[in-house]
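Student: So that we are looking at the same thing, I have put the structure below in C-alpha cells.
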Amino acid sequence: MSVDLEPQKELVFKGPFKGVCEQSLFIRNRNPESIAFKVKTTAPKQYCVRPNSGIVGPHDQIEVQILLQPMKEQPPPDFVCKDKFLVQSMVLSVVDLQKQLSELWSEAEKTKSHTIFEQKLRCVYDLEASTASETALYTSSKIPDINVADVTSSESNNNVLAAANKRIQELQNEIEQLTKELSNLRNRKPQVLAGPEKVMTKQMIKHTGYSPQLVVLLSIISFMIGVSFF
C-alpha cells in the first residue's frame, strides 16, 4: 500500500536562491493501518529534510519541510535542476509498531524489500519568479532614496535663495539710505569735525569720494552674492 503525496511529481523551489528556499511535502495515509515512511534525495548536502522519516497513522497526514540551502550565485536562466527525491513507504503491523524505525527499515531492506513502495519527485527551480522578485526588491529599495534626496536638495536650495534675496533687498535699502545721507553731506556748508583746525569743505568730500561705511557695505554685498550662488 502506498501513500498519497502532495505535490505528486515535482518540488518547485522559488528564489531568490542566495537565501534558504522552503517547500512542503505532504504525506497522506488513506489506509486503515499505520505506514512508515522515509525520504531520500540524490543531493543530501544541498537539502535539509525535516523529518526525513516517521510514521503516519491511519487516515492521517504529515508535513515534511524540505529546505534548499543558499547558493553562492544565482543559477543561469537556462539552468535545469537534476536533483530528485525518493519517498519510501511500507505498511506496519501491530508487532512492527513495537520496534524502532531504524530496525524496521533495516529488516525490510534485507528480507522484505517487496513490501516497500517507492515514489519519485524531481526538483524544479523557478528562475523566472526569482528574477522578478529580485527586480521588484531592487526597484522598491532604490526609488524612495532618490526621491527623498531630490526633494531635500530642492527644498534646501529654495531656502538658501530666499534668504539671499531677502538679504540683498535689505542691503539695497541700506545703500539707498546711505546715498541720501552722502548727498545731504555734499550739499551742506563746511562744518567743524574735530576742532577749529580740521574743517571739511565740499571740495574735501568731493576729493574723498565714497564714505568708509559704503565701501564696507559694498564688500559685504559682493561676498553674500558669491556665497548664495556658489
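Student: Out of all the residues in the stretch 116-125, is one or more in contact with a Pro (Cβ under 8 Å, 6 or more places away or on another chain) and either modelled with pLDDT of 85 or more or surrounded by 14 or more Cβ atoms within 10 Å (Cβ to Cβ) (or both)?
Tutor: yes
Student: Moving to a separate point now. I'm checking my understanding of the structure. Among residues of the stretch 62-102 that are closer than 14 Å to Thr42 by Cα and either among the β-branched types (Val, Ile, Thr) or over 44 Å from the mean Cα position of the chain (by Cα) (or both), which one is surrounded by the fewest Cβ atoms within 10 Å (Cβ to Cβ)?
Tutor: Taking the candidates together, the pick is Val87.
Student: So Ala43 ticks every box in (1) in contact with a Phe, Trp or Tyr (Cβ under 9 Å, 6 or more places away or on another chain); (2) at pLDDT 95 or above; (3) outside any strand (DSSP E or B) but one. Which box is left unticked?
Tutor: All conditions pass for Ala43, except number (1).
Student: Still on this model: Return yes or no: is Pro58 exposed (fewer than 13 other Cβ atoms within 10 Å of the Cβ), over 21 Å from Lys120 (Cβ atoms) and touching a Phe, Trp or Tyr at 6+ places or on another chain (Cβ under 9 Å)?
Tutor: Considered against the rule, which asks whether it is exposed (fewer than 13 other Cβ atoms within 10 Å of the Cβ), over 21 Å from Lys120 (Cβ atoms) and touching a Phe, Trp or Tyr at 6+ places or on another chain (Cβ under 9 Å), Pro58 comes out as no.
Student: Which ones in the stretch 1-50 are closer than 19 Å to Val80 by Cβ and among the aromatic types (Phe, Trp, Tyr)?
Tutor: Phe13, Phe17, Tyr47
The values are calculated or read from the model by the stated rules, or taken from the named source; none is laboratory data. The structure displayed is predicted, hence computed values, not measured ones. A quick note on method: Cβ atoms are made from the backbone with ideal geometry, for glycine too, and the neighbour counts reach across all protein chains shown.
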